[in-house]
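The values are calculated or read from the model by the stated rules, or taken from the named source; none is laboratory data. Being a predicted model, the structure only gives us computed values, none of them experimental. Neighbour counts are summed over all protein chains in view; Cβ atoms, including those assigned to glycine, are modelled from backbone coordinates with ideal geometry. Heads up: the accessible areas ignore ligands, DNA and RNA and are worked out on the full protein's heavy atoms, side chains in. Shrake-Rupley method; radii C 1.70, N 1.55, O 1.52, S 1.80 Å.
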Amino acid sequence: MHYINKLAYYLVIILIILSINFFLPRAMPGDPLAYVLGENPDMPIRMTEEEREMKLAEYGLDKPLPEQYVDYMIKLSKGDLGHSIYYKNPVMDEILIRLKWTLLLTGTATVIYMPLGIFLGAESAWARGKKKDTLSLITILTVSSFPSFVLGTLFVIFFAFKLGLFPLGCANTIGATYANPLEEALDILHHLILPVATLIIAHIGGTYLLMRNSMLSVIGADYILSARAKGLSERYILNRHAIRNALLPIVTMAALTIGFMTVGTIFVEKVFAYPGIGLLLYDSVLRRDYPLIQGIFLFISIFVVLANFIADMAYVWLDPRVSDE
Amino acid sequence: MILKISKLKTHFSTPDGLVRAVDTIDLSIRERETVGLIGETGCGKTVLGLTITRLLQSSTTVKGTIIYKETNLLKISETEMRRIRGDEIAMILQNPTTSLNPVMRVGEQIAEVIRLHQGLNKKDAAEKAIKMLGSVRIPSPSQRANEYPHEFSGGMKQRVMIAMGLACNPSLIIADEPTKGLDVTIKSQIIKLLKEVTKEKAMLLITHDLSVARALCDRIALMYAGELVECAPAGEIFDAPRHPYTRGFLGSLPRNGLVPIPGMSPSLINLPQGCRFHPRCANAKAICKRKHPGMTEIEDGHFVRCFDA
Amino acid sequence: MTGVKVNNVLGSLGLGILAILITVAIFAPQIAPYDPHDTYKWMERPSSEHLLGTNDVGNDILSEVIYGTRVSLFIAFTVSITAIIIGTALGLIAGYSSGVLGFLIMRIVDIFLTIPRMVLIIVLAAFLTQSIWNLIVIFIIFGWMMTARIVRSEVLTLRSQYYVDSAKMLGGSDRYIIWRHILPNVVPLVVVQFIMEASHVIIAEAGISFLGLGDPVARSWGTIFNYAFEYPNIILSDAWMWWMLPPGLCIAATVLGLTFVGYALEERLNPKLKTVVGMEA
């Protein structure tokens, strides 16, 4: 029952996202045709009435709205997100070319910052009020108050430009030929370190604070006292009793932080000229390539919603109380 | 004598002032004896239990001595104390619903304490945990051991708590409100079970329920505002109570007509001058307001803290 | 005990930072040495005339940053105040009328919270004309949900407590109960939420502006940073030190100030984090 409810809920959300995407160009001020053609929507498009009608018919904008909506859904189901104005290619193709870089960037960052944030938060809460806790709390709050793009820019200036330890940007050396795959992997890794470090530092605060708060409420719980009454050691209680309970709220928030991370990538990719979906979105915004902007919006939103869905399922698995309802 | 508490004080400092939760208490428990510690909510009885097992925050001030067998529990290291906790002295905490870890299987919660203190391997400890569940009359224990606390009823959870406390065959059990929140039938079942399993053991039973104390205790100590006010064999407490508080407490029982003691118990931060009970006492005299009465032995083994006794 | 002391230090530090920034924002015309739109010789290094030099079109950077304080804080506070009022009102309604209306509001909150708002904001900003008013409206639309959720759950807790019931039994009207009993309890939570939202908006607005979607006339810190970032080879010269660093540090300082104040308030308001273990309830 629980699963079916959740599934229905997420399907509704995806439907809402698809509808927002459909109505965006049609509900915004200005000429919807301009959004498809990439003209400035505030300016009247210079074309004859005939040309205009032809264009409208070409994009199906002359049909009544419900019919347009059905057409849009049918196209989507075939993976057709329209054509990019700038690249003259299907939007889907352009996104898929860039996808691997974004996945590499966010994937690497997530694999590091989540466990790290959880670990630091748990340790901090367990040492509540002691120097160790206060120090890590203040450090993390301070570092987290820098937006990722400011942090990233400073990293580029110091570690890449001044110290020359890392490349200034991009995902690999442009025009390089590699002797073997290992060399290529090392080159990609070399380019990856700074953007990943930026993402981690900019996003670790949320997980850390959440884990710390969650852990603090667990520490006061009766079952922790109960575990102490058994004579168990503090380390054992932390590992076996406290962490799993404290992780429960983290799991629900994990999807949310993945959402933040996905958005954070946009800024980091701009700073490092890293050729992922985020940079594509930024370029498309500059070029007012509306079909591409919409395609990326759809892609990221559905990805984040799916992450939420997976987190919900994980919660059921972690908390025996929910699965029985 | 298995436990001898002398001049025990437990004080917390809070932003509102010093909380004198346990204030100069003397109490001893003999081998195989069940002593009831009775008092209203907030009088400090749970704190006394937690002081004995040293489960309070390190910022708490504890003074006096707690001699368990030959050892002063307040003098040994935390590591040594951990060896005693759960093994020699078991504490059965109140509220089984919150005291059991919601995301850990019940069997494992019992098995972990067995592994720790008896050095059994995983398989043997799990088997012993099932045996313990059976010994507290939980039906089909091998199946129930694999379930989570939320799958148990209130009474069954209390049985799990008792099994957990008994798992390492302790010599002293501190049971905190083991019948709280249970309906009458379940309550009498738990009392019966406790009576049976603690026959050979010493127990400190913390409760505000006189019927439970009557059924289980050899001796009873009444606690009021952080100190003991009367301590005597159970029969004498019920038949010839000497302290006005004890009489009031007995009078508030349903079968005695539910006459409540007037007034409220004082906060442990602002204790009244003189006798701590005088603001609520019907026979309070001038001296009661000025002088704090000491504990006097009025009959063999019957102690009262009252000028009038 | 030390926890309380650390809290007070952080709280005062945060308040101090915010007080300075708000003063700068209010008295920008008096404090700034020049009009940020006046042009002088471009790309000047810092001098006694232009303390932070000039930018690529010759605006005095110090004056630009000072006026930027106004823009950034104005957006952040306008958005959070409005969003908090909307959120509180909807939260009260949802918590107090447990019917279809309450259910509907909470479902909308759930849906809004699941959709990644920042991406949608970027897309909307790309479709709309670049102006601070459009940004403000977009941020408000996506800023009220958390408050609504928190207020609702607080109202539900309070409702189940006896004094609201007894007030009702004594014949208090719903409006009286909300004003007298519920609102005072909700206000502290809402204040924390206001601070959180303000710091979200500061970061989000800076991000949007960094993508070039800020108001080109009323330049916020994010917009200034973006113009500097887009200037060819900025990091190869020293200009980043007076052109990029000041707006970047201002953003971080504001967020830090808000975070400290919010953290100190939350610690003080959340008694759960302060219970003494082992005290009899």
Inset, instruction - List the residues of the stretch B:54-97 whose accessible area drops by at least 30 Å² when all protein chains are present, compared with their chain alone, using a 1.4 Å probe and counting only protein heavy atoms. - result: B:55, B:57, B:82, B:85, B:93
Legend entry - Relative contact order (%) - the stretch B:99-169, alpha-carbon pairs under 8 angstrom, separation at least six: 43
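Do you know the relative contact order of the stretch B:137-233, to the nearest whole percent, from alpha carbon pairs under 8 angstrom that are 6+ apart?
Values: 73 pairs, mean separation 21.1, N = 97.
Reported as a whole number, the value is 22 percent.
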Inset, instruction - Considering only A:97, A:296, A:118, give the residue with the highest GNM mean-square fluctuation for chain A, with springs between Cα atoms whenever their separation is below 10 Å. - result: A:97
Inset, instruction - Run through the DSSP bridge list for the protein assembly as shown and note the antiparallel percent, rounded to the nearest 5. - result: 65
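As a test of the definition: with a 1.4 Å probe, what buried accessible area, both sides summed, do you compute for A against C, in Å² to the nearest 100? Don't jump to the answer; show the numbers that get you there.
Working: alone 18340 and 15490 Å², together 29110 Å².
Roughly 4700 Å² of accessible surface disappears when A and C pair.
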Legend entry - Positive-pole candidate from C:58, C:254, C:231, dipole of chain C, charges at beta carbon: C:254
Inset, instruction - Mind checking A:231-241 for the average number of partner chain beta-carbons within 10 Å of each residue's beta-carbon? - result: 4
Inset, instruction - Please give the total accessible area that chains A and B bury against each other, computed with a 1.4 Å probe and expressed in Å² to the nearest 100. - result: 2100
Inset, instruction - Distance between Cα centroids, the stretch A:248-313 to the stretch C:204-237: provide it in whole Å. - result: 21
Legend entry - Distance from the stretch C:1-73 to the stretch B:1-45 (C-alpha centre basis), Å: 61
Inset, instruction - Determine the total buried accessible area between chain C and chain B, counting protein heavy atoms only with a 1.4 Å probe; round to the nearest 100 Å². - result: 800
Legend entry - Solvent-accessible area per residue for chain B (1.4 angstrom probe, square angstrom): 43
Legend entry - Fluctuation leader among C:35, C:238, C:60 - chain C, Gaussian network, Cα springs under 10 angstrom: C:238
Legend entry - Span-like helix ranges in chain A, DSSP H, alpha carbon extent 20 angstrom or more, Kyte mean at least 0.5: A:2-27, A:91-126, A:181-219, A:243-271, A:290-318
Inset, instruction - Can you pull the one-decimal nm distance between simple spin-label points at residue A:189 and residue B:252, each 7 Å off the Cα toward Cβ? - result: 7.1
Legend entry - Choice from B:182, B:73, B:204 with maximal GNM fluctuation in chain B (Cα, 10 Å cutoff): B:182
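Can you tell me how the stretch B:99-169 classifies by the Cα gyration tensor, rounded, prolate or oblate, using a/c under 1.5 as the rounded cut? Let's see the in-between values first.
Values: a/c = 1.59, a/b = 1.49, b/c = 1.06.
Because a/c hits 1.5 or more and a/b exceeds b/c, the stretch B:99-169 counts as prolate.
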Inset, instruction - Summarise the long-distance tail of P(r) for chain A by giving the % of C-alpha pairs beyond 33 Å. - result: 43
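Is the shape of the stretch B:81-201 rounded, prolate or oblate, going by the alpha carbon gyration tensor and its root eigenvalues a ≥ b ≥ c, with a/c under 1.5 for rounded and a/b larger than b/c for prolate?
Working: a/c = 1.57, a/b = 1.17, b/c = 1.33.
Oblate shape, in that a/c is at least 1.5 and b/c is the bigger or equal ratio.
Once fully extended, how much extra length lies between residue C:157 and residue C:241, figured as 0.36 nm per residue of separation less the alpha-carbon to alpha-carbon distance?
Numbers: separation 84, 0.36 × 84 = 30.24 nm, distance 5.17 nm.
The span from residue C:157 to residue C:241 would gain 25.1 nm if fully extended.
Enter the accessible area per residue of chain C (Å², integer; probe 1.4 Å; all protein chains in place). Don't jump to the answer; show the numbers that get you there.
Details: 12670 Å² over 281 residues.
Spelled out: the 1.4 Å probe surface of chain C, per residue, equals 45 Å².
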Inset, instruction - Before anything else, pin down the relative contact order of chain B: Cα pairs under 8 Å, at least 6 apart, normalised by residue count, whole percent. - result: 20
Inset, instruction - Can you check what the Kirkwood hydrodynamic radius comes to for chain B, Cα pairs only, in Å to one decimal? - result: 20.4
Inset, instruction - Please give the residues from the stretch A:286-325 for which the solvent-accessible area of heavy atoms, probe 1.4 Å, is smaller by at least 50 Å² with all protein chains in place than with the chain isolated. - result: A:288, A:297, A:320, A:321
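Could you order peptides A:254-261, A:159-166 by the average number of other Cβ atoms within 10 Å of their residues, highest first? Provide the component values of the computation, followed by the final result.
Working: A:254-261: 21.4, A:159-166: 13.4.
Taking the mean over residues of other Cβ atoms within 10 Å, the ranking is A:254-261, A:159-166.
I'd like the carbon and sulfur percentage of the solvent accessible area for the protein assembly as shown, probe radius 1.4 Å, heavy atoms only, ligands and nucleic acids excluded. Write out the running numbers ahead of the final one.
On the way: 25490 of 40840 Å².
The C+S portion of the solvent-accessible surface of the protein assembly as shown is 62 percent.
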Legend entry - 10 Å Cβ neighbours from other chains, averaged over peptide A:150-156: 5
Inset, instruction - With a point put 7 Å past each Cα toward its Cβ, work out how far residue C:230 is from residue A:158 in nm, to one decimal. - result: 2.8
Inset, instruction - Name the residues of the stretch C:251-265, by number, that are at least 10 Å² less accessible with every protein chain in place than in the isolated chain; the surface is that of heavy atoms, probe 1.4 Å, without ligands or nucleic acids. - result: C:251, C:252, C:255, C:256, C:259, C:260, C:263
Legend entry - Cα-only Debye scattering, the protein assembly as shown: base-10 log of I(q)/I(0) at q = 0.10 Å⁻¹: -1.19
